[in-house]
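Encoded as structure tokens, the structure appears first; notes follow it.
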Amino acid sequence: MSHHISTSVHLAMSESADCANQHLMNDLGCGFPAPSAEIFFLEPYATFNLLGMDFTITKTVVLLGLVMVIVLGFFFAAFRAPRLVPSKIQSLGEYAYLFVRDQIAREVIGKDGDRFVPFLATIFFFVWIANLMSVIPGAQFPVMSNLAFPVSLTLIVFLTYLFLGMKHQGPVKFFTNAMFPPGVPKAMYLLLSPLELLQLLVTRPATQAIRLFANMFAGHLLLTTFTVAAWYLVGPNFVGAFGAAASFLVTVVLTGFEMFIQGLQAFIFTLLTAVYISGSLHAEH
């Protein structure tokens, strides 16, 4: 019995492997291999144990390290020896820095925003380049589609928000200012205060992380679906050729749109960070 089950499983895996590279109207009866969430569970390159904890090195971890090197390398090269007449890379670095300062920090935080520009710029370019990994040949995987990384960044933002809020408003006043906004009838505080506390401690960080994760997850899945469809539909008949060409065209269009979304999500994540910092510096009214 066990031998029969083992043989059946082996045959099923063999057929699945055979269907992986088949096209429309194949002789094996293979249907469209629609991508699923399994494409986000990558096989580890290496596994090791450190201090009793298991660690795995996956493609996501490698890409994360590459993103860090790119961001640090770019700004180091741009500002390691600044000149009065800037070089091309220094000019590019200055434009990048000024974009975050003028469009996010000063617009949201105000005059106090300049001292937070390095923090905000690091977040923006780190998230943006990590998202761009989805469309870079050879990488083709958005780092932020792994929920652990948006959550980690959000925790950094959230702890910074709490620290600054309690430092500038006081440990108790920070929470009371959020829970008891002025101009509200006192009877409404019974309903409003718990909701405000829930928003402060749960809703804000959760939505900031989930928004980034969900957009990168959905975008990568959509691109993969049309890419696989373009390959699957290739064939000598008109239907296959037309379908493959249409799927390929959609993939190109979606890639451009996805690049726009990747930049937009990095901007939104950084903008929300600036909003939270602004709220921590001054009591919300």
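Points to keep in mind about this one:
- In this structure, Glu196 qualifies as over 28 Å from Ala37 (Cα atoms), out of contact with any strand residue (DSSP E or B) (no Cβ under 6 Å at 6 or more places or on another chain) and of a type in the set (Asp, Glu).
- A search for C-beta distances below 8 Å between a residue of the stretch 199-211 that is closer than 16 Å to Thr160 by Cα and any residue that is basic (Lys, Arg), counting only pairs 6+ apart in sequence or on different chains, returns nothing.
- Residue list for the stretch 142-182, filter: more than 24 Å from the chain's Cα centre (by Cα), modelled with pLDDT of 90 or more and polar (S, T, N, Q): none
- In the stretch 49-141, counting only helices (runs of 4 or more DSSP H) that sit wholly within it, the ones holding 1 or more residues that are at pLDDT below 95, open to solvent by 80 Å² or more (accessible area, probe 1.4 Å) and not β-branched (Val, Ile, Thr) span 59-79, 88-100.
- There is no residue in the stretch 251-266 that is of a type in the set (Asp, Glu), closer than 30 Å to Asp114 by Cα and touching a residue at least 40 places away in the same chain (Cβ under 8 Å).
The values are calculated or read from the model by the stated rules, or taken from the named source; none is laboratory data. Computed from a prediction, not measured in an experiment: that's the story for all the values here. Neighbour counts are summed over all protein chains in view; Cβ atoms, including those assigned to glycine, are modelled from backbone coordinates with ideal geometry. Only protein heavy atoms, including side chains, enter the accessible area calculation; ligands, DNA and RNA are left aside. Shrake-Rupley method; radii C 1.70, N 1.55, O 1.52, S 1.80 Å.
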